1. If you go through the range 1-39 one residue at a time, how many are more than 15 Å from ASP66 (Cβ to Cβ) and surrounded by 14 or more Cβ atoms within 10 Å (Cβ to Cβ)?
2. Considering only residues that are modelled with pLDDT under 90 and assigned to a helix (DSSP H, G or I), which ones fall in the range 31-54?
3. Return the total of residues in the range 55-89 being not in a helix (DSSP H, G or I) and not small (Gly, Ala, Ser).
Amino acid sequence: MNEPNFEAIGRYQHARQHMATLSWQRNDVLKQLSRFCERCVNTTRSTTISKLNVAALHTHLEAVRDADAALMAAVAECNRWAVEAKALPIRIESHPT
């Protein structure tokens, strides 16, 4: 009989934990971007943008892009170990807006 690959199972579990941490960090970066955008919009009279620091916006967007890339790399690593551990792979679905 096939013995379970305990190394793969352990690495898979570790990769899932790391992926969860990166997902939490990505959500935090998205919240920071949201707060930045809210501060740029003057909601007292209308929804027009009263002031916009483009450099700061690009910094926030770059942080989001980096967080997404790190999360996708972690998902790929997790799926690599999932195959060896005979676990279900993680699927990321993008929904149209």
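1. 11
2. PHE36, CYS37, GLU38, ARG39, CYS40, VAL54, listed by residue number.
3. Selection size over the range 55-89: 3.
The values are calculated or read from the model by the stated rules, or taken from the named source; none is laboratory data. It should be emphasised that the depicted structure is a prediction, and the values quoted were computed from it without experimental measurement. Virtual Cβ from ideal backbone geometry, glycine too; neighbours counted across all protein chains shown.
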